[in-house]
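These notes concern the structure reproduced below.
A short reminder: the numbers here are calculations on the coordinates, not readings from a lab. The structure displayed is predicted, hence computed values, not measured ones. Because the Cβ atoms are built from the backbone with ideal geometry, glycine has one as well, and the counts that use them run over all protein chains shown.
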Amino acid sequence: MARIRPGGSERWNKNASMSSDTYEAGINSPRRDWAQSTAAAETNFQIGIQNAISKKSFGAGVRKAGSEKWKSKAIQVGKQRFVQGVQGAESQYASGVAPFLSTIEATTLPPRFPKGDPRNLERVKAISEALRKKKTG
């Protein structure tokens, strides 16, 4: 029978907490190119997703974690990282949203009618259709 040493989670926490330099070194010198390896795994990803769907794994995982785990982790971990993440992503946000803002600006809207007139929904429809076309080609 295999023996399991006690205290594994404490050792993991101690060692992993001191490994940020090792983490960065691994990113800078990967054994294989991330994009190539990830793209090559597409079929396995699809199979795994289909297996998870057939086993209803997503819902099972949600039920297992529960709302309390989500809430506590979001507050304990996410709150501290939120502002830093937003600040670090400003340029990516700007470049990602720019084509959609241009699409909105280039969309010709039907005429505006009095407030509450159901024909005003055609304006929303025009924007929705233009954005969907931009996203899907």
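Observations on the structure shown:
- Residues that are of a type in the set (S, T, N, Q), surrounded by 11 or more Cβ atoms within 10 Å (Cβ to Cβ) and not in a helix (DSSP H, G or I) occur at least once in region 6-20.
- Residue within region 85-105 that is surrounded by fewer than 10 Cβ atoms within 10 Å (Cβ to Cβ), more than 30 Å from I127 (Cβ to Cβ) and out of contact with any strand residue (DSSP E or B) (no Cβ under 9 Å at 6 or more places or on another chain) present: no
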